[in-house]
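Structure record follows, encoded as structure tokens.
Each reported figure results from applying straightforward, stated rules to the coordinates on display, with no laboratory input. Keep in mind that what you see is a predicted model, and the values were worked out from it rather than measured. So basically every Cβ, Gly included, is an ideal-geometry build from the backbone, and we count neighbours across all protein chains shown.
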Amino acid sequence: MQIESLKVYCDLAETESFTKSAHINGVTQSAVSQQISSLERHFKSILIERSKKKFRLTREGQLLYDYSKQILAHYEGLHSRLQEIKDIVSGTIRVSTIYSIGLHDLPPYLKKFLKAYPTVNVHVEYRRANQVYDDVLGNVVDIGLVAYPNKDPRLEVLQLRKEPMVLIAHPQHPLAKHKSIKLTALAGQKFIGFEPDIPTRKAIDKVLRDGVVEVQNVMEFDNIETVKRAVEIDAGVAIVPHATVQLEVSKNSLAAIVLEGVDLARPLAAIYKKNKVLSPAMKQFLAIVKG
């Protein structure tokens, strides 16, 4: 029995999916099944109830999971400490990020990190906000990057920074001639928004609600790039993070307008699973992203 088998087993118990466990560990579903069978033979116990309706650990399976988590935590802690003693920063970091952070905020920090630690492999997944949380909690990734982080007792949240939001419009739109406007100027405007379940959309809706401003929601999208394209064809105006439109503003395909008197700075955060042992590479990555 090897430590890798215990990790595969714990990932399976947490994701309740042979497919996800295989993906996390870079093996086939067949290999996962074989390792679980090997553990059952070793401990002479049935670990998982073989039911098509619901995945469930047996009593013996739960006991093995609890002890395996402790063993893995000690092993990862030992490995991390040995690397620190030897001043080694290497390995792989798996990151899941929402589109706007991954495409616009992360690249300069990632470039700086890879220049400092070229032996580290950083794998980045671009996901919807709810999927980032699922990835982190399911051990599919090590670190998640989100906006407006949720409070969850299972997660550690590292606040990064607050990012200013601006109104964007087509350069020929009547509002584009102003450098700043009051929120009330948006009343009745055609509005391009994010989909309702996206945290940034919820925050924008609250600002509009608090200001007693009603807009015409004409389009909804799940990512920042499509929102920008819709505004570029003058389908409406939108509120987006300032950092995500600097290129378009410089090319005059979009105009950015400051909204006066409203708190529209969205908080960005890194999240990882509570009690997770962070490798030296992960610690340095988080330090650079926060810096």
How would you rank 23-36, 268-281, highest first, on the average number of other Cβ atoms within 10 Å across their residues?
268-281, 23-36
Excluding same-chain residues fewer than 8 positions from residue 283, which aspartates and glutamates have a Cα within less than 13 Å of its Cα?
84, 87, 142
Check residue 17: other-chain or 5+ apart residues with amide H under 5 Å from its amide H, H built from backbone geometry?
none
Residues of the stretch 13-45 with backbone nitrogen within less than 20 Å of a virtual label 7 Å along the Cα-to-Cβ line of residue 67, please, listed as ranges.
13-14, 35-45
Pull out the extension gain between residue 287 and residue 30, defined as 0.36 nm times the separation in residues minus the alpha carbon to alpha carbon distance; nm, one decimal.
88.7 nm
If the chain between residue 74 and residue 159 were fully stretched, how many nm would it gain, using 0.36 nm times the residue separation less the Cα-Cα distance?
27.9 nm
CD proxy at 222 nm, helix term only [per DSSP H run n ≥ 4: -39500 (n - 2.57); per residue of the chain; nearest 500]:
-13000 deg cm²/dmol
Distance violations [Cα-Cα > 22 Å] among 151/273; 7/44; 202/228; 177/202; 228/251; 202/273:
177/202; 202/273
Residues in the stretch 160-194, backbone N under 14 Å from the label point at residue 265 (7 Å along the Cα-to-beta-carbon vector): list them, ranges by number please.
160-166
Separation between Cα centres of the stretch 32-47 and the stretch 96-123, rounded to whole Å:
39
Can you figure out the FRET efficiency of residue 16 with residue 195, using R₀ = 25 Å and their beta-carbon distance, to the nearest 0.05?
0.40
Kirkwood hydrodynamic radius of the chain, from inverse mean 1/r over distinct Cα pairs, in Å:
21.6
